[in-house]
Amino acid sequence: MIIVKSREEIELMRESALIVSKTLGMIASEIKEGVTTLYLDKLAEEFIRDHGATPSFLGLYDFPNSLCMSPNAQVVHGIPNNTPLKSGDVISVDCGAYKNGYHGDHAYSFEIGDVAPETKKLLQVTKESLYVGIREFKAGNRVEDVGNAIQKYTESHGYGVVRELVGHGLGQKMHEEPEMPNYGKRGRGKLFVEGMVVAIEPMINMGTRNIKQLKDGWTILTADGKPSAHFEHDVALIDGKPEILSTFYYIYKALGIESNEEDEFRKVQLVL
């Protein structure tokens, strides 16, 4: 069952989402060659708690950490460890925060040092596909309209779209209905309704769409060992149009990047 949110609930979710956004911005300032993902995980947990929230992922389905950190051929659900990051790595950082009874949950794929041009392109196209999908989250459309848009855009560049892992509804629980696949056929799936909040998150592989899982029971890898990219936003359906509750602004500020990519998905300027 899809749980529709009131405007008041959506504002509470925006607060949770912005805590995640600020956490990822803090991580952007700290993520560099020689740093371990376990160190970054500890920083994130402290930051989330200092902002009056709790880490959504810590203990969720028995996950052992506050961040999912998935470098290179890891798609998602990577467990932080003591292996230092090195130049040329790319890494998906997925974060969740729970405050006022609601979750925020989004992700960004970072570059470490000198990254290969073909890997940079994978990240660029995957992030672009996120917004391509968000544009389809509107009144009158259905779940697979979003997935179809992401699939067409990324497959046109020769990439593989992961099938086994999907986006999801979001609210008082981390995972609510509907599931939001990154592939599909237009006109299929549940109808979007006013007040829905979903996490849209393309998980795109440079090579095959096929994946495998490590024995740790969590880490998902590309089957061919090629890099994967992952970006995620929380989006509410308001007045029939998508409105992003999360933001990459804090990441871009830390990295010195100027971008207006989110502007079309906000009725008013983001209050920071």
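Test of understanding: what is the full-extension gain from Asn82 to Ser156, defined as 0.36 nm times their sequence separation minus their Cα-Cα distance? Write down the numbers at each step before the final one.
Details: separation 74, 0.36 × 74 = 26.64 nm, distance 3.72 nm.
Length gained between Asn82 and Ser156: 22.9 nm.
Report the net charge of residues surrounding Ser259, where surrounding means a beta-carbon distance below 11 angstrom and charges are Lys +1, Arg +1, Asp -1, Glu -1.
-2
If you count only protein heavy atoms and use a 1.4 Å probe, how large is the accessible surface of Tyr249, to the nearest 10 Å²?
That residue has around 90 Å² of solvent-accessible surface.
At 222 nm, what value in deg cm²/dmol follows for the chain if DSSP H runs of at least 4 each add -39500 (n - 2.57) and the sum is divided by all its residues, to the nearest 500?
My calculation for the chain gives -9000 deg cm²/dmol from helical runs alone.
Check cross-link reach from Lys212 to the lysines: straight Cα distance under 17 Å, and skip same-chain residues fewer than eight apart.
Within the straight-line limit of under 17 Å, Lys212 reaches these lysines: Lys226.
How many angstrom lie between the Cα centre of segment 112-138 and the Cα centre of segment 154-198?
17
Can you tell me the relative contact order of segment 7-265? Whole percent, Cα pairs under 8 Å, sequence separation 6 or more.
Here the relative contact order equals 23 percent.
I'd like the accessible area for Arg14, computed on protein heavy atoms only with a 1.4 Å probe and all protein chains in place. Round to 10 Å², please.
Counting only protein heavy atoms, the figure is 40 Å².
Taking amide H positions as placed 1.01 Å from N in the peptide plane, with prolines and chain starts having none, which residues 5 or more places from Phe63, or on another chain, fall under 5 Å of its amide H?
The answer is none.
Under 10 Å, Cα contacts only: if you run a Gaussian network model on the chain, which one of Glu261, Glu45, Glu15 comes out with the highest mean-square fluctuation?
Glu261
So for His51, His103, what's the accessible-area order with a 1.4 Å probe, most first?
Largest to smallest exposure gives the sequence His51, His103.
When all protein chains stay in place, what accessible area (Å², nearest 10, 1.4 Å probe) is found for His175?
Counting only protein heavy atoms, the figure is 90 Å².
Could you compute the net charge surrounding Ile91? Neighbours are other residues with a C-beta less than 13 Å from the C-beta of Ile91; K and R count +1, D and E count -1.
Its environment carries a net charge of -4.
State which helices in the chain qualify, where a helix is a whole DSSP H run, it must extend 27 Å or more along its own axis by its Cα atoms, and its mean Kyte-Doolittle hydropathy must be at least -0.5. Each step should come with its number before you reach the end.
Details: long enough: 7-30 (35 Å, 0.11).
TM-like helix candidates: 7-30.
If you plug each phi of segment 227-242 into the Karplus form 6.51 cos²θ - 1.76 cosθ + 1.60 with θ = phi - 60°, what whole-Hz ³J(HN,Hα) values come out, in order, with x for Gly and Pro?
Once rounded to whole Hz, the list reads x, 10, 10, 8, 9, 8, 10, 8, 9, 10, 9, 10, 6, x, 10, x.
How large is the accessible surface per residue of segment 7-265, computed with a 1.4 Å probe and reported in Å² as a whole number? Show your work: numbers first, answer last.
Working: 10530 Å² over 259 residues.
About 41 Å² of surface per residue is accessible.
The values are calculated or read from the model by the stated rules, or taken from the named source; none is laboratory data. Note that the structure is a prediction, hence the values are computed from the model and not measured. Glycine gets a Cβ as well: all are built from the backbone with ideal geometry, and neighbour counts include every protein chain shown. The area values use the complete protein model at the heavy-atom level, side chains included, leaving out ligands, DNA and RNA. Shrake-Rupley method; radii C 1.70, N 1.55, O 1.52, S 1.80 Å.
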